[in-house]
1. Using the structure shown, decide if ARG51 is under 16 Å from VAL120 (Cα atoms), basic (Lys, Arg) and either within 13 Å of the chain's Cα centre (by Cα) or surrounded by 14 or more Cβ atoms within 10 Å (Cβ to Cβ) (or both).
2. Which of (1) surrounded by 17 or more Cβ atoms within 10 Å (Cβ to Cβ); (2) more than 12 Å from the chain's Cα centre (by Cα); (3) among the aliphatic types (A, V, I, L, M) does LEU33 not meet, given it meets every other one?
3. List, please: which pairs have Cβ atoms under 6 Å, are six or more places apart or on different chains, and start with a residue in the range 51-76 that is within 23 Å of SER16 (Cβ to Cβ) and end with one that is at pLDDT 95 or above and of a type in the set (Gly, Ala, Ser)?
4. So, LEU85, is that one open to solvent by less than 10 Å² (accessible area, probe 1.4 Å), in contact with a strand residue (DSSP E or B) (Cβ under 6 Å, 6 or more places away or on another chain) and assigned to a loop (DSSP other than H, G, I, E, B) or not?
5. Of the conditions (1) touching a strand residue (DSSP E or B) at 6+ places or on another chain (Cβ under 8 Å); (2) free of Cβ contacts under 8 Å to residues at least 40 places away in the same chain, GLY26 clears all except one; give me its number.
6. Working carefully through the options THR118, THR68, THR108, find the one that is hydroxyl-bearing (Ser, Thr, Tyr) and open to solvent by less than 20 Å² (accessible area, probe 1.4 Å).
7. So, ARG44, is that one in contact with a helix residue (DSSP H, G or I) (Cβ under 8 Å, 6 or more places away or on another chain), charged (D, E, K, R) and within 20 Å of GLY7 (Cα to Cα) or not?
8. Tell me the residue from ALA5, ALA39 that is out of contact with any Pro (no Cβ under 9 Å at 6 or more places or on another chain), crowded, with 17+ Cβ neighbours inside 10 Å and at pLDDT 95 or above, please.
Amino acid sequence: VQLQASGGGLVQAGGSLRLSCAASGGIDSDYALAWFRQAPGKEREFVAALRWGGGRYAYADSVKGRFTISRDYAKKPVYLQMNSLNPEDSSVYYCAARIRWTVNYRRTSEYNYWGQGTLVTVSS
């Protein structure tokens, strides 16, 4: 499985961005796809996750109600729609995948596959 993240950029506070993660390889309905982010000097943190076949969605409390994770089942990208952005959302965002949905979906160590990051900068 290969993952390619894109869509980052510079946006003003209150604005929106949509990140995309193109997934190639043998992704099936049991896969978990997730977004993480890492700000300078901080640990990588969980943002959102979904089960590829549906039925499971999860969000960090800090983004709940502002960010939406979704996927295009036919074309295989995973999206992260980010609204009402604030400077604290500035980070490098990474997409990740693992073979099965897990209750430990917040842990970076649970994911087998990672894409390169895409930088999001929110100006105040």
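1. Working: under 16 Å from VAL120 (Cα atoms): no; basic (Lys, Arg): yes; either within 13 Å of the chain's Cα centre (by Cα) or surrounded by 14 or more Cβ atoms within 10 Å (Cβ to Cβ) (or both): yes.
Taking the combined requirement at face value, the residue does not satisfy it.
2. (2)
3. Note: pairs meeting the criteria are ALA58/ALA49; TYR59/ALA48; ARG66/SER84; PHE67/ALA48; ILE69/ALA48.
4. Details: open to solvent by less than 10 Å² (accessible area, probe 1.4 Å): yes; in contact with a strand residue (DSSP E or B) (Cβ under 6 Å, 6 or more places away or on another chain): yes; assigned to a loop (DSSP other than H, G, I, E, B): yes.
It is true that LEU85 is open to solvent by less than 10 Å² (accessible area, probe 1.4 Å), in contact with a strand residue (DSSP E or B) (Cβ under 6 Å, 6 or more places away or on another chain) and assigned to a loop (DSSP other than H, G, I, E, B).
5. GLY26 satisfies all of (1) touching a strand residue (DSSP E or B) at 6+ places or on another chain (Cβ under 8 Å); (2) free of Cβ contacts under 8 Å to residues at least 40 places away in the same chain except (1).
6. Values: THR68 fails: open to solvent by less than 20 Å² (accessible area, probe 1.4 Å); THR108 fails: open to solvent by less than 20 Å² (accessible area, probe 1.4 Å).
The match here is THR118.
7. Details: in contact with a helix residue (DSSP H, G or I) (Cβ under 8 Å, 6 or more places away or on another chain): yes; charged (D, E, K, R): yes; within 20 Å of GLY7 (Cα to Cα): yes.
Yes, satisfied.
8. Working: ALA39 fails: crowded, with 17+ Cβ neighbours inside 10 Å.
Answer to the selection: ALA5.
The values are calculated or read from the model by the stated rules, or taken from the named source; none is laboratory data. All values reported here derive from a predicted model rather than from experimental measurement. Cβ sites come from the backbone with ideal geometry, for glycine too, and all protein chains shown count toward neighbours. We work out accessible area using only protein heavy atoms, side chains counted, and drop any ligands, DNA or RNA first. Shrake-Rupley method; radii C 1.70, N 1.55, O 1.52, S 1.80 Å.
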